[in-house]
Amino acid sequence: MPHQRAFFVAIAFGLLAYGANLGQAQSSSPPSEVHSLKVTILSTMLADEGVGEWGFSALVEVDGKKILYDTGARPNTVLENAKELKLDLSDVENVVLSHFHDDHTTGLMTLRRELSKRNPRAMSVVHVGRGIFLKRRGSGQNSMIARKKEYEATGGVFIEHDKPEEILPGVWLSGPVPRVFPEKHYPAGIEVATDQGWMEDNVPEDLALVFNTSRGLVLLTGCGHAGIINTLQYARKFIRPAPVAAAIGGFHLYNATDDELDWTADKLKEFQIAQILGAHCTGIESVYRLRQRTGLNRRTCSVGTVGAVFDLKEGIQTGRIAR
């Protein structure tokens, strides 16, 4: 197992070769840029092809590489939706899990077992934020503790990140996000075990993907439990203070008040947001209010569906039901 672990760690996008971190991002050399980027949603609630569910997953295709971001709520949803959309996941070796909640992690074992039959390295490395394996109590338990053992038994490897990491040129993991603004976009009634004892669970491991492009930063979040504004502000510090070309994924705004939505939209305008594809826990009405407040339109601010695509060059294409 030690040799196997070393092997998989070495192949994780050559992380040792890139070794990028916050200190490197602050060096005098300009940050690397992504040239091609396509994000396809594989799990969310709305669907006019495939199966909808309360969950999230997206396939990232960036400069010839693939990353799976989150794995959906039910064991087979992502696998079946990818088949229906004619997307091959067997060559995806790296997975990013945004946080511990089941609606983002349940499909991992199905994908690993099924796809490794065709490619032993499929879904073999999972990137997570520090804290994802902490014990929880209250209205939610942490199934990732048992899932970790099950996954590692297949030869898979978890890599925990406690700071921003550049895993490909221009492709960044946020690491745990500082909570500068009081965006309490996480479930109540859950506590997490820490060195200081049991505390309110604000999902400390919440992990986003950020892409540095010539058009600005592109953000991909699963639920945005750290807050979309906290996450973007942090990314603009550790990468560069660029305009936000797009925000994609779940932003956990479905139960936000009108004042909270207005504040969020106003901050997004400050960041010069150009496109929004709000899926999963963003909320349909919340997407409409963000659109109105930011001055975007139906083409540039849409509700995400299964099969919806953000393309760096072509923009947003979402399902017929959400147009």
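The values are calculated or read from the model by the stated rules, or taken from the named source; none is laboratory data. Computed from a prediction, not measured in an experiment: that's the story for all the values here. Virtual Cβ from ideal backbone geometry, glycine too; neighbours counted across all protein chains shown.
A few comments on the model shown:
- In the stretch 34-78, the residues that are among the polar types (S, T, N, Q) and surrounded by 22 or more Cβ atoms within 10 Å (Cβ to Cβ): 43, 44, 57, 71, 77
- Residues satisfying the stated conditions in the stretch 89-99, i.e. in contact with a strand residue (DSSP E or B) (Cβ under 9 Å, 6 or more places away or on another chain) and not in a strand (DSSP E or B): 89, 91, 92, 93, 97, 98, 99
- Restricting attention to the stretch 243-277, the residues that are in contact (Cβ under 8 Å) with a residue 60 or more places away in the chain and at positive phi add up to 2.
- Filtered residues of the stretch 41-79 (kept if in contact with a Phe, Trp or Tyr (Cβ under 8 Å, 6 or more places away or on another chain), β-branched (Val, Ile, Thr) and outside any strand (DSSP E or B)): 44
- Residue in the stretch 295-312 that is over 26 Å from residue 71 (Cβ atoms), among the acidic types (Asp, Glu) and at pLDDT 95 or above present: no
- Scan of the stretch 130-153 for residues that are among the aromatic types (Phe, Trp, Tyr) and either in contact with an Asp or Glu (Cβ under 9 Å, 6 or more places away or on another chain) or modelled with pLDDT under 95 (or both), ordered by number: 133
- Within the stretch 127-147, considering residues that are under 23 Å from residue 197 (Cα atoms) and of a type in the set (D, E, K, R), the one nearest to the chain's Cα centre (by Cα): 130
- When we screen 290, 261, 277 for residues that are crowded, with 22+ Cβ neighbours inside 10 Å, in a helix (DSSP H, G or I) and of a type outside the set (S, T, N, Q), the only hit is 290.
- When the residues of the stretch 140-170 are filtered to those that are assigned to a strand (DSSP E or B) and out of contact with any Leu (no Cβ under 7 Å at 6 or more places or on another chain), the one that is surrounded by the most Cβ atoms within 10 Å (Cβ to Cβ) is 166.
- Of all residues in the stretch 171-208, those being surrounded by fewer than 18 Cβ atoms within 10 Å (Cβ to Cβ), of a type in the set (Val, Ile, Thr) and not in a loop (DSSP other than H, G, I, E, B) number 1.
- Test result for residue 104, surrounded by 17 or more Cβ atoms within 10 Å (Cβ to Cβ), in a loop (DSSP other than H, G, I, E, B) and of a type outside the set (Gly, Ala, Ser): no
- Taken over the stretch 223-258, the residue count meeting the criterion of being part of a helix (DSSP H, G or I), under 14 Å from the mean Cα position of the chain (by Cα) and of a type in the set (A, V, I, L, M, F, W, C) is 3.
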